[in-house]
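Presented below is the structure to which this report refers.
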Amino acid sequence: MNNMKKYKINVLILILVSLIVMYLTLKDDFYNTISYFTNVNLLWILVSILFIFLYSVFQSLSLNLFLKKIRNNYKLKDTIILNIISQFFSAITPFASGGQPSLIYILKKQGIKITDSVSVLLQNFLTYQVALIITSTIIIIVNCIFGILPSNNFINKFMLIGYFINVFVFGITLFLSVAKRTNIELFNKIMNLILKFKFIKNKESLKEKISNKVDDFYNTTIYFSNNIKILVKSILFNIIGLLCLYSVPFFVFFSIREHSIVNIIQSIVCCCYTYLAGSFIPIPGGTGGLEYGFIQFFQNYTVGSTLSAGMLIWRFLTYYLVMILGFLLFVFYRKEMKK
């Protein structure tokens, strides 16, 4: 099955699940929920979009730090476009798995070697994971201290699973980055076991590719040890970006003229928990899981049509709108590349 067929299947799954979510959200109080949309305050919608854009900007600032090391005139504007396009591919693939390959593809078209782009993306991924874990850990501690959300909520278990999955991914990546000798020994044992299977083709090529990955992880560690300032800057950019993203529900509720539902801290905590709980849903964009998580966490502050309208607007702005923009930029960019 080629990539185009996979993308088409993913989009069909996304549409189907989205329609089911829409039906389940609107079926009990359709008219009251719709009334919020007709009376929405566009100023606060624009503020919400601004914070979503700031999230992309700070992500791009982080990525641009590393891109400038291989092409010192790489512009921030181009990095923002690159980042938004990657969000489209992340949005239509399970576990956001299409984002990184799309970046490698575009960077290759821009004349950047695949080995260089892989190195850059690995460095950026590591700092993003560090930022995500730091931000999530602080938010969980704040919640435990101030009791912003009840600790015995069922959905909290999914949040903790998502949190520990991210910690585990970072731990494995860090281990591969540091213990090169151990990794080479482990790699050889695993590869000898894998290569015994007859159905595996191009065995030597596969072994070489995985060996190169081990080297990439190790080289990334060396790079960071020599560039502490870039490491710290990248982590800070990603932390600020995440806080901007987690603040969006606060402004969304303002847009439906509900000014006293949550404060900014409550919004950050609930939204962070929502993304952690939905991070391991194997459907493009975590569709279904994120909507459910939003309802479960924010229902501690509001219910009914207010909650449903807030969730639908938040989901449209942070996911569907970004996905549409990323698709349009990609179509335009492909035309430019053909020229």
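The values are calculated or read from the model by the stated rules, or taken from the named source; none is laboratory data. Predicted model, so just to flag it, every value in this text is computed and none were measured. Cβ: placed from backbone, ideal geometry, glycine included. Neighbour counts: every protein chain shown.
What to note about this one:
- The set of residues in region 280-289 being more than 18 Å from Tyr23 (Cβ to Cβ) and either in contact with a Leu (Cβ under 9 Å, 6 or more places away or on another chain) or assigned to a helix (DSSP H, G or I) (or both) consists of Ile281, Pro284, Gly286.
- Subset tally (residues that are buried (at least 22 other Cβ atoms within 10 Å of the Cβ) and touching a Pro at 6+ places or on another chain (Cβ under 9 Å)) for region 290-312: 4
- Members of region 30-83 found to be of a type in the set (Phe, Trp, Tyr) and surrounded by 18 or more Cβ atoms within 10 Å (Cβ to Cβ), listed by number: Tyr36, Trp44, Phe51, Tyr55, Phe58, Phe66, Tyr74
- Total residues in region 98-131 satisfying the condition of being surrounded by fewer than 21 Cβ atoms within 10 Å (Cβ to Cβ) and among the aromatic types (Phe, Trp, Tyr): the figure is 2.
- Scope region 122-134; condition of a type outside the set (S, T, N, Q) and in contact (Cβ under 8 Å) with a residue 40 or more places away in the chain; matching residues: Leu122, Phe125, Leu126, Tyr128, Val130, Ala131, Leu132, Ile134
- Condition met for Leu46 (in a helix (DSSP H, G or I), of a type in the set (A, V, I, L, M) and touching a Ser or Thr at 6+ places or on another chain (Cβ under 8 Å)): no
- Residue that is farthest from Ile165 (Cα to Cα), among those in region 80-127 that are touching a helix residue (DSSP H, G or I) at 6+ places or on another chain (Cβ under 7 Å) and in a loop (DSSP other than H, G, I, E, B): Ile112
- Which numbered condition Tyr74 misses (of (1) in contact with a helix residue (DSSP H, G or I) (Cβ under 6 Å, 6 or more places away or on another chain); (2) in contact (Cβ under 8 Å) with a residue 12 or more places away in the chain): (2)
- Restricting attention to region 290-310, the residues that are of a type outside the set (Asp, Glu), part of a helix (DSSP H, G or I) and farther than 15 Å from Ile45 by Cβ total 13.
- Members of region 266-289 that are in contact with a Ser or Thr (Cβ under 8 Å, 6 or more places away or on another chain), modelled with pLDDT of 90 or more and buried (at least 24 other Cβ atoms within 10 Å of the Cβ): Ile268, Cys271, Cys272, Leu276
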